Amino acid sequence: MRNRVFDCHCDTAYELWKGQLEIAESNLQIDLNRTQNLEGYAQFFAFWTYPGMEDPQGVFSGMLRTMKDQLSRHGDMVAQAKTPKQAAEIVSNGKVAAIFSLEGPAGIGFDASRLDDLYQEGFRMTTLTWNEENPLAGSHKTGGGLTEKGREFAKRAQKLGMILDVSHLSEQAFWNLCDLAQKPIIASHSNSRKIYGHSRNLTDEQFQAICQLKGVAGLNLYTGFLGDAPVSLDKACDHVLHFLELGGEKHIALGGDLDGCESLPEGFTGPESYPKLAKALLRRGVDEEIIEDIFWNNMIRVFEECCT
């Protein structure tokens, strides 16, 4: 199968900056040459920072300079998309559509007033935390809900047209965010806790709340969130099938966590392997139409509803 792929989360921007690498060809899990077998490819590139790193705001600025430079240098293969229409046009022209997202607002000092500038730069998604408790919210590791500053941050982001990403949030903060959400929210790279009991995965109740808000959960391909070793693509399918059992046909997407994870399922090496996942889902009885929704339609819909 050849598929259009819309992936909600990768950490390639950080790795490109850190390693001074080229987006066209590198030793990373994502490079542009490895996407050529796909029918089309759109990718949210997360800009990851956390308070424990040295100078997170400097790291963020460095990543932004690096990504802008890379997009300029390789404009024959990739272009930044700031709207769903631009993403579709870029992909239809045979290029990769790159959309910016924020993972961990330490890089902007947890300052909601800086979201306006980020929006102008093309950022269309944000989390409120990574694995730490911060001035905005508690994480899945620490517990703790949204603070008043976090509520204002989330409201400002949604008003601007940025998707709220609940991956990494604590359960309390998750439900706090659901209460104030005015548009779809997503878990950009989170699986089913029913299938594998990791705190980074979603409970059935959380996934159903995302469905009710018309959002999506992006399938994370890090083996540590999929199951006990050895992990095959069938284990990834188990998470999808469970979400489907909960009525999630229109609420599952892809969020591979590529370049942000140490190990992937057997036989999966990068975006070029997404057709293998599609075939695995077919073998497990998932209709081609549902696979197309998971791989493209569901996320482009959320992009349209939140960012236009």
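The values are calculated or read from the model by the stated rules, or taken from the named source; none is laboratory data. Predicted model, so just to flag it, every value in this text is computed and none were measured. All Cβ positions, even for glycine, are placed from backbone atoms using ideal geometry, and neighbour counts span all protein chains on display. For the accessible areas, the whole protein counts, side chains as well, though only heavy atoms, and no ligand, DNA or RNA atoms are used. Shrake-Rupley method; radii C 1.70, N 1.55, O 1.52, S 1.80 Å.
One residue stands out among those in region 179-209 that are hydrophobic (A, V, I, L, M, F, W, C) and not in a loop (DSSP other than H, G, I, E, B): the one that is surrounded by the fewest Cβ atoms within 10 Å (Cβ to Cβ), which is Leu180.
Under the condition of being surrounded by 24 or more Cβ atoms within 10 Å (Cβ to Cβ) and hydrophobic (A, V, I, L, M, F, W, C), the residues counted in region 250-280 number 5. Looking at region 13-34, can you tell me whether even one residue there is assigned to a strand (DSSP E or B) and closer than 30 Å to Asp116 by Cβ? No, the conditions are met nowhere in region 13-34. In this structure, Gly150 does not qualify as farther than 22 Å from Leu254 by Cβ, open to solvent by 10 Å² or more (accessible area, probe 1.4 Å) and either among the basic types (Lys, Arg) or not in a strand (DSSP E or B) (or both). Scan region 98-117 and tell me whether some residue there is at pLDDT below 95, within 17 Å of Phe6 (Cα to Cα) and touching a Gly at 6+ places or on another chain (Cβ under 6 Å). No: region 98-117 contains no residue that is at pLDDT below 95, within 17 Å of Phe6 (Cα to Cα) and touching a Gly at 6+ places or on another chain (Cβ under 6 Å). Of the residues making up region 159-178, those that are more than 22 Å from Cys237 (Cβ to Cβ), of a type in the set (S, T, N, Q) and either buried (at least 19 other Cβ atoms within 10 Å of the Cβ) or free of Cβ contacts under 8 Å to residues at least 12 places away in the same chain (or both) are Ser170, Asn176. Selection of region 84-108 for residues being of a type in the set (A, V, I, L, M) and open to solvent by 10 Å² or more (accessible area, probe 1.4 Å) yields Ala88, Ile90, Val91. Looking only at residues in region 70-124 that are of a type in the set (Phe, Trp, Tyr) and under 16 Å from the mean Cα position of the chain (by Cα), which one is nearest to Arg151 (Cα to Cα)? Of everything passing the filter in region 70-124, Phe123 is nearest to Arg151 (Cα to Cα). Among the residues of region 210-230, the ones that are in contact with a Pro (Cβ under 8 Å, 6 or more places away or on another chain), open to solvent by 10 Å² or more (accessible area, probe 1.4 Å) and in a loop (DSSP other than H, G, I, E, B) come to 2 in all.
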